[in-house]
Amino acid sequence: MEFYSTRSEKHTAGAARAVLTGLAPDGGLYTPLDFGSMRVDMDRVLTLDAPELFAEIVYKILPDFGEEEIKRLVPEAYAGKFQTRDITPLVKVGDRFVLELFRGPTSAFKDVALSVLPRLVSLARKQLGISEETAILTATSGDTGKAALEGFRDVPGTRIIVFYPEGGVSDIQKAQMATQKGGNVRVCAVKGNFDDAQTGVKLIYADDEAEHWAKREGLRLSSANSINIGRLAPQAAYYFKAYRDMVRMGEIKNGETVNFAVPTGNFGNILAGEFARRMGLPVGKLICASNANNVLTEFIQTGVYDRRRPFFRTVSPSMDILVSSNLERYLLLAGGSFELVDELMRELRDKGIYRAPEHITEEMQKHFDAGWADDLTVKQTIGEVWREHKYLLDPHTAVAWKVTGDIKAQTGDNTKTVVLSTASPYKFGFDVLDAISAQRPATGFEAMDVLSDLTGVPIPANLAELKELQPRFSDCVDKTQMLAYVKEVLKG
Ligand SMILES: *Cc1c(COP(=O)(O)O)cnc(C)c1O
C-alpha cells in the first residue's frame with residue numbers, strides 16, 4: 001500500500017520508506033488514502049486478546065512490512081514493558097470510561113506507539129538493505145522525548161537526539177530525560193517553546209545541505225515525532241481495544257457508536273481515532289479537547305486556523321502547541337486536494353492563518369466536537385473527580401474530562417464516551433496535588449510522595465526511581481543553533 005505526501009501526489013512511499021524517512025521530501029506527511037483496503041472485521045477483532053488486536057490493526061495500516069513480521073514484532077514490543085498484559089486498561093469512572101494509555105515504561109501514552117516504532121525502523125532498515133546509521137531527531141513537549149529515548153536506547157544502527165523547550169516541561173519530565181540511559185542517546189534544551197523546537201527539527205530535515213552532510217557522515221535522518229506514520233498505526237489500535245472492552249463489559253452492543261474524548265496537542269492521538277473510524281470502528285464523535293492554547297477549538301468550530309495568538313504555558317504542557325502538525329493529514333482525508341493542502345500550509349507558514357474551504361469544515365464538524373478548559377477549571381475538575389469517584393486524573397486527561405461534560409451539556413448527546421487518559425498523574429504531581437490538597441511541597445518529587453500518601457494510588461516504578469538517578473545531560477542551545485548541535489553530536 002502506498003502512502004502519499006500530503007502536499008503532492010508525486011511523493012509516494014511504501015511502509016518501510018515512509019517509516020524510515022518520517023517526512024516526505026516536500027515537507028508533507030505520509031498518509032494512507034485507501035481506507036477501503038484497511039477495513040476491519042469487527043466480529044473478529046472482538047475475539048482477539050490485546051497484543052493480537054494491536055498486531056492486527058498495525059498490520060492493516062502497514063501491510064507491506066509483512067503479516068508474519070508484524071504479528072511477531074508487535075506483541076514482542078509490548079511484552080513485559082507494560083504494567084498489564086492488557087496494555088491499555090479501560091476503567092469505568094462514573095458514567096464514563098477512562099482508557100488508561102499511560103501504563104507503559106515512561107508513564108505517558110506515547111509509550112504505546114514508541115515501543116513499536118524502533119522495531120519498525122529496524123525492520124525497515126533490513127527490508128531496504130540500509131547500512132547507514134539512522135539518526136532520529138525529535139522535538140518534544142515533554143512526553144515524546146522520554147518515550148522515544150527509552151524506545152530507541154541501544155537499538156543497533158540508530159542514534160537519537162531529543163530537543164525540548166527550556167522551562168517548558170515539568171521537573172519530573174526533565175529529570176526523566178536528563179537521566180536517560182543508553183549509549184546512543186542525547187538530550188538538549190532549546191531556548192524557545194515547543195513550536196520553535198518542532199520547527200527547528202523540520203527545518204533540519206528540509207535542509208539539503210544537512211542531508212548531504214548526513215550522507216557524507218554515513219547517516220540518514222529520521223523522526224520519532226507523530227509526523228511518522230509508524231506512530232499512528234499502534235495508536236489506532238487502542239480505539240478498537242477500548243471498544244472491544246465496552247462490548248465485553250456489556251456496556252454496548254457490537255455496532256453501537258461510542259464517542260472518544262482526546263486531550264489534543266499535535267493532533268496525532270485524535271487523528272488515529274479518525275483512522276479507526278475510517279477502518280470501520282463505530283465512532284460517534286471525536287471530541288477534540290484543548291487547553292488555553294485553543295487554536296484547534298476555534299478551527300473545528302469555525303474552519304479558521306489562526307496561530308497568531310499568545311502562547312500559554314499551562315499545567316498540561318504536552319498540549320502547549322499552536323501548530324498541530326497532524327492536522328495537515330486530516331485536511332487531505334477530509335476532502336482537500338494535494339494542491340490545497342500545500343497552499344494552506346504555505347499560508348500558515350507565511351501569514352500564520354488560513355481558512356479551510358466550506359466542504360472540509362462541514363465534513364470535520366460531522367465527526368468532531370471541540371472545546372477547551374483553562375488551568376483553574378482543570379484543577380477544579382481533578383479535585384471534583386477525585387472527591388466523587390476516588391479516581392486521580394492527570395491535567396491533560398482532566399482537560400478532556402471537562403470538555404466532555406461541557407459538550408454533553410451543550411448538545412444533549414448521551415452516547416457513551418471514552419476519555420483517553422494520556423499520562424500518569426504522578427508526571428505532573430505538583431499540579432495534581434495542588435488540585436486536591438492545600439499542601440505545597442517544593443518540588444514535583446516531594447509532591448509525588450505526598451500525593452501517594454494522600455490517595456493511596458501507587459507511584460509507577462519508573463517515576464519512583466528517578467530521584468536516585470544521576471542526571472547525564474544538561475545541554476541547552478539557541479533555536480538557531482540546533483543544526484550545529486546535531487552536527488557536533490553526530491560527527492565522526
Ligand atoms: C503528547 C501528549 C498529548 C497530545 O497528543 P497529540 O498526539 O500531540 O495530540 C496529550 N497528553 C499527553 C500527556 C501527551 O504526552
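Results, tabulated for the structure shown:
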read-out: Estimated 222 nm signal from helices in the chain, with DSSP H stretches of n ≥ 4 weighted -39500 (n - 2.57), rounded to 500; value: -13500 deg cm²/dmol
read-out: Computed E for Ser437/Lys390 - FRET, C-beta separation, R0 22 angstrom, nearest 0.05; value: 0.95
read-out: Cα-derived Rg to Rh of the chain, Kirkwood definition; value: 0.93
read-out: Charge dipole (the stretch 183-293, unit charges on Cβ, about Cα centre) - positive-most of Phe194, Asn184, Val258; value: Val258
read-out: Formal net charge of residues neighbouring Met345 (Cβ-Cβ distance under 14 Å; K, R +1; D, E -1); value: +1
read-out: Computed log₁₀ I(q)/I(0) - Debye formula, equal Cα scatterers, no solvent, the stretch 87-246, q 0.14, 0.15, 0.16, 0.17 Å⁻¹; value: -0.74, -0.84, -0.94, -1.03
read-out: Where Rh is the Kirkwood radius over Cα pairs, Rg/Rh for the stretch 164-252; value: 1.13
read-out: DSSP bridge pairs, the chain: antiparallel proportion in percent, nearest 5; value: 25 percent
read-out: Taking the chain and dividing mean pair separation by its residue count, relative contact order in percent (alpha carbons under 8 Å, at least six apart); value: 19 percent
read-out: Neighbour-limited loop hits for trypsin sites (Lys or Arg not before Pro), the stretch 313-410 (at most 12 other Cβ within 10 Å; DSSP other than H, G, I, E, B); value: Lys390
read-out: Under Karplus coefficients 6.51, -1.76 and 1.60, residue-wise ³J(HN,Hα) of the stretch 117-133 in Hz, glycine/proline x; value: 3, x, 5, 5, 4, 4, 5, 4, 4, 5, 5, 8, x, 9, 9, 4, 5
read-out: Stokes-Einstein D for the stretch 341-385, Kirkwood Rh over Cα pairs, 20 °C, 1.002 mPa s (µm²/s); value: 158 µm²/s
read-out: Order of Thr257, Thr377 - criterion: other Cβ atoms within 10 Å of each residue's Cβ, fewest first; value: Thr257, Thr377
read-out: Whole-number Å³ per residue for the convex hull built on Cα positions in the stretch 86-154; value: 109 Å³
read-out: Derived scalar couplings ³J(HN,Hα) [the stretch 374-384; Karplus, 6.51 cos²θ - 1.76 cosθ + 1.60; whole Hz; x for Gly, Pro]; value: 8, 4, 4, 4, 4, 5, 4, 5, 4, x, 4
read-out: Convex hull per residue volume in Å³, alpha carbons only, for the stretch 5-112; value: 151 Å³
read-out: Relative compactness, the stretch 266-326, computed as alpha-carbon Rg over 2.2 N^0.38 Å; value: 1.21
read-out: Estimated dipole of the chain in Debye, rounded to 20 [Cβ of Lys and Arg +1, of Asp and Glu -1, Cα centre]; value: 520 debye
read-out: Note, ³J(HN,Hα) from phi for the stretch 275-281, Karplus 6.51, -1.76, 1.60, rounded to Hz, x at Gly and Pro; value: 4, 4, 4, 5, 8, x, 6
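We did not get these values from a lab; they are worked out from the coordinates using the rules stated. Worth saying up front: this structure is predicted, and the values here are computed from it rather than measured. With ideal geometry, Cβ positions are generated from the backbone for all residues, glycine too; neighbour counts draw on all protein chains shown.
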